[in-house]
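Reviewing the structure listed below.
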Amino acid sequence: MTQDLSAVPWPIRTARLTLRPATPDDVDATWAFRQDPAVWEWLTHRVEDREEYAGVFLAEDRLASTLVIELDGEVVGDLMIRIEDPWAQAEVVEEAKRTQAELGWVVAPPYAGRGVGTEAVEAVLEICFAHLGLRRVTALCFADNTASWRLMERVGMRREAYNVRDSLHRDRGWLDGMGYALLAEEWRARR
Ligand SMILES: CC(C)(COP(=O)(O)OP(=O)(O)OC[C@H]1O[C@@H](n2cnc3c(N)ncnc32)[C@H](O)[C@@H]1OP(=O)(O)O)[C@@H](O)C(=O)NCCC(=O)NCCS
């Protein structure tokens, strides 16, 4: 199945949260927490300037793969579902296309530690497997980003890789990185 996020019946609601695709109007709501050093410490981009951040957020591919998390009508985090093509041999490359997604997550610090990340990522897994029909999801993190890999393990993702000093951090130098994944059948077996 090859899908994109428009195949999902938005918004997706959980016990406390609403998940919906990000729009250009979400720049400031996400900038409010994305500019926090505690948030960008482990993220790809350090964004200290609002205009630079807007450029990153509004890039076509980025916006198309970003969801926002709302709690009581307020944007309290964002999520990434980047649908991608896994590696495949040449003869079966079409069969593999758009069958997996890389995931990412941010929760605004004032809302952290309340189960928002867990509840949102559990909904993301349902979106990926039940609505999009993907066969595998993946996520990467620095090994020192304990909050992130604990979240992955809490939602049932499996550690597949522990890479020694493979990832360059802007301040900390070469650090260990980890790769997690979950297959559709593993997700179904947990339900
Ligand atoms: C990683 C991140 C998204 C986690 O979000 P979060 O909303 O704090 O996650 P949760 O609240 O679901 O879980 C955090 C802790 O709160 C606990 N918790 C869960 N539900 C809870 C609840 N209802 N009340 C209180 N605590 C709760 C969890 O058990 C967890 O504890 P543990 O890590 O000791 O096991 C957040 O720390 C973050 O945005 N980090 C910065 C950005 C980042 O690093 N992104 C990932 C890059 S790879």
Sites R114 and V56 - FRET efficiency at Förster radius 35 Å, r taken between beta-carbons, to 0.05: 0.80
Backbone HN-Hα couplings from phi across the range 87-100 [Karplus 6.51/-1.76/1.60, Hz, Gly and Pro as x]: 5, 8, 5, 4, 6, 10, 5, 5, 5, 8, 4, 6, 9, 9
Integer Hz, Karplus 6.51/-1.76/1.60 couplings in order for the range 130-137, x for Gly and Pro: 7, 8, 8, x, 6, 9, 7, 10
Relative contact order of the chain, defined on C-alpha pairs under 8 angstrom at six or more residues apart (%): 19 percent
Where only C-alpha atoms are counted, convex hull volume of the chain per residue in Å³: 129 Å³
The range 125-191 shape via C-alpha gyration tensor axes, a/c threshold 1.5: prolate
Length gained when the stretch Q35-D49 is fully extended (0.36 nm per residue, less Cα-Cα span): 4.2 nm
Distant alpha-carbon pairs in the range 94-135 (separation over 14 angstrom), percent: 55 percent
Order by protection proxy (mean Cβ within 10 Å, highest first), peptides 164-172, 10-18, 60-68: 60-68, 10-18, 164-172
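Filter the DSSP H helices in the chain by two things, a Kyte-Doolittle mean of at least -1.0 and an axial alpha-carbon span of 24 angstrom or more, and list the hits by number.
What comes out of the filter, once short or polar helices are dropped, is none.
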Distance (nanometres) between label positions extended 7 Å along Cα→Cβ at E153 and D28: 4.1 nm
MRE, 222 nm, helices only [DSSP H, n ≥ 4, -39500 (n - 2.57), over the chain, to nearest 500]: -7500 deg cm²/dmol
Backbone HN-Hα couplings from phi across the range 7-20 [Karplus 6.51/-1.76/1.60, Hz, Gly and Pro as x]: 7, 8, x, 6, x, 9, 10, 10, 3, 10, 10, 10, 10, 8
Distance from the range 20-71 to the range 117-191 (C-alpha centre basis), Å: 20 Å
Full-stretch length increase - D85, N163 - with 0.36 nm per residue and alpha-carbon distance subtracted: 25.9 nm
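Read-outs: derived from the displayed coordinates by stated rules, not from any lab. This structure is a prediction, so every number in the text was calculated from the model and none was measured. Cβ coordinates were reconstructed from backbone atoms using ideal geometry, including for glycine residues, and neighbour counts include every protein chain displayed.
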